[in-house]
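Report on one structure; see the data block that follows.
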Amino acid sequence: MEKREQLYEGKAKKVYATDDPELVIVSYKDDATALDGLKKGTIVGKGVINNQMTNRLMARMEKAGIPTHFVKELSERDTLVRRVSIVPLEVIIRNLSAGHFASRYGVEEGIVFPEPTIEFSYKNDDLHDPLLNAYHAVALGLASWQEIELIKKYAFAVNDVLKAFWADCGVTLVDFKLEFGKTAQGQIVLADEISPDTCRLWDAKTGEKLDKDRFRRDMGGVEDAYAEVMRRLLAHDGE
Ligand code: UDP
């Protein structure tokens with residue numbers, strides 16, 4: 001399957017058409033942005049890691065009965081996926097307090113919740129992705145109640161699979177962001193990526209951050225952290 005015209009360029013990925021109208025190719029870049037786009041940089045090798053990590057995790061989701069857009073890895077940075085229209089919601093699941101949850105509610109990072117939480121943001125750069133609830137999403141016509149119920153079910157199922165997998169790798173899954181898409185047939189599927197760009201991953205023993213917070217917070221060792229989580233994933237994948 002070959003790349004045809006570029007359809008879209010996002011912050012971390014480009015999307016290309018193919019000869020099949022129902023399939024597109026995503027190509028992962030090393031570009032990184034943070035702090036609402038104010039901070040820009042490069043994480044060398046990130047595109048390769050995020051592509052390969054996402055694909056292996058998407059395959060695990062499929063195995064667990066969660067439909068995804070994943071079709072086939074084409075190369076180090078390129079993957080064939082089903083063409084979807086992205087539901088303009090960022091779906092965030094949290095197992096421990098961190099990031100905006102900690103700052104918004106004035107609590108420290110690292111509090112283990114009795115059960116996972118879910119929240120939605122309206123995916124809209126001009127509005128800086130404001131937090132919204134399911135009623136707001138329905139009012140704005142972003143999704144139907146049925147779609148939101150399905151998205152919630154899938155998102156918690158992703159958390160169950162992902163949390164257990166990362167625990168086996170000695171990594172605590174703190175929180176993560178998912179995006180869902182709608183196929184031409186109207187099916188809701190998991191889309192976008194699952195990577196250290198979109199998950200907070202802490203070493204289970206030391207609490208060391210192994211994710212994009214190292215870039216956001218200028219902590220150094222960003223490339224090493226991405227390589228370390230990938231190494232742990234590869235050591236446990238295929239079991
Ligand atoms: N996240 C993301 N993209 C965003 C916002 C958040 O991938 O635009 C991820 C982030 O990496 C973290 C989780 O969603 O794993 C929760 O992020 P939070 O709301 O705390 O915001 P952040 O502090 O990351 O901006």
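Overview of values
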item: Globularity ratio of the chain, using Cα Rg and 2.2 N^0.38 Å; result: 0.97
item: Rg in Å to one decimal, and Dmax rounded to a whole Å, for segment 100-188 via C-alpha atoms; result: 15.0, 44
item: Convex hull (Cα only) mean projected area of segment 125-172, reported in nm² to one decimal; result: 4.6
item: Karplus (6.51, -1.76, 1.60) ³J(HN,Hα), θ = phi - 60°, over segment 160-176, in Hz, Gly and Pro reported as x; result: 4, 5, 5, 4, 5, 5, 5, 4, 4, 8, x, 10, 8, 7, 7, 7, 6
item: Placed amide H near N124: partners under 5 Å, 5+ positions off or other chain; result: D129
item: Volume of the Cα convex hull of segment 142-198, divided per residue and given in Å³; result: 89
item: Label-to-label distance, nm, for residues given as I118 and L35 (7 Å Cα→Cβ offset); result: 3.3
item: Packing-based order for 122-130, 134-142, using average beta carbon neighbours within 10 Å, highest first; result: 134-142, 122-130
item: Residues R4 and E108, FRET efficiency given R0 of 45 Å [Cβ-Cβ distance, rounded to 0.05]; result: 0.35
item: Inter-label distance, nm, simple model (7 Å from Cα along the C-beta direction), L234/H136; result: 4.2
item: Eligible lysines near K205 by straight Cα distance, threshold 20 Å, same-chain separation 8 or greater; result: K163
item: Gained length - V44 relative to H100, 0.36 nm times residue gap less alpha-carbon distance; result: 17.5 nm
item: Percent accessible area from carbon and sulfur atoms, segment 60-105, protein chains only, probe 1.4 Å; result: 51
item: Cα-Cα separations in segment 1-41 greater than 15 Å, expressed as whole percent; result: 46
item: Principal semi-axes in Å for segment 1-104 [√(5λ), Cα gyration tensor, largest first]; result: 25, 19, 14
item: Paramagnetic label zone (point 7 Å from Cα along Cα-to-C-beta, L150; backbone N under 14 Å) in segment 176-208; result: 180-191
item: Electrostatic dipole magnitude of segment 188-239 [Cβ: Lys, Arg +1; Asp, Glu -1; Cα centre; debye, to 20]; result: 220
item: Burial order of peptide ranges 37-43, 109-115 (average beta-carbon count within 10 Å, highest first); result: 37-43, 109-115
item: 10 Å-binned pair-distance histogram of segment 117-239 (Cα, whole percent); result: 11, 37, 31, 18, 2
item: Estimated vicinal HN-Hα couplings, Hz - segment 56-62 in sequence order (Karplus 6.51, -1.76, 1.60; Gly, Pro = x); result: 5, 6, 4, 4, 5, 5, 4
item: Average accessible area per residue (Å²) across segment 98-239 - probe 1.4 Å, nucleic acids and ligands excluded; result: 49
item: Net length gained if the chain between T206 and T18 were fully extended (0.36 nm per residue, minus Cα distance); result: 63.2 nm
item: Difference of contour (0.36 nm per residue) and Cα-Cα distance, E76 to K11; result: 21.6 nm
item: Two-decimal log10 I(q)/I(0) for segment 56-148, as the Debye equation yields it once each C-alpha is a single scatterer, q = 0.11, 0.12, 0.19, 0.23 Å⁻¹; result: -0.48, -0.57, -1.12, -1.17
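The values are calculated or read from the model by the stated rules, or taken from the named source; none is laboratory data. Not measured: the values here are computed from a predicted model. For neighbour counting, all protein chains shown are included, and Cβ atoms are generated from backbone atoms with ideal geometry for every residue, glycine included. Heavy atoms of the whole protein, side chains included, go into the accessibility calculation; ligands, DNA and RNA do not. Shrake-Rupley method; radii C 1.70, N 1.55, O 1.52, S 1.80 Å.
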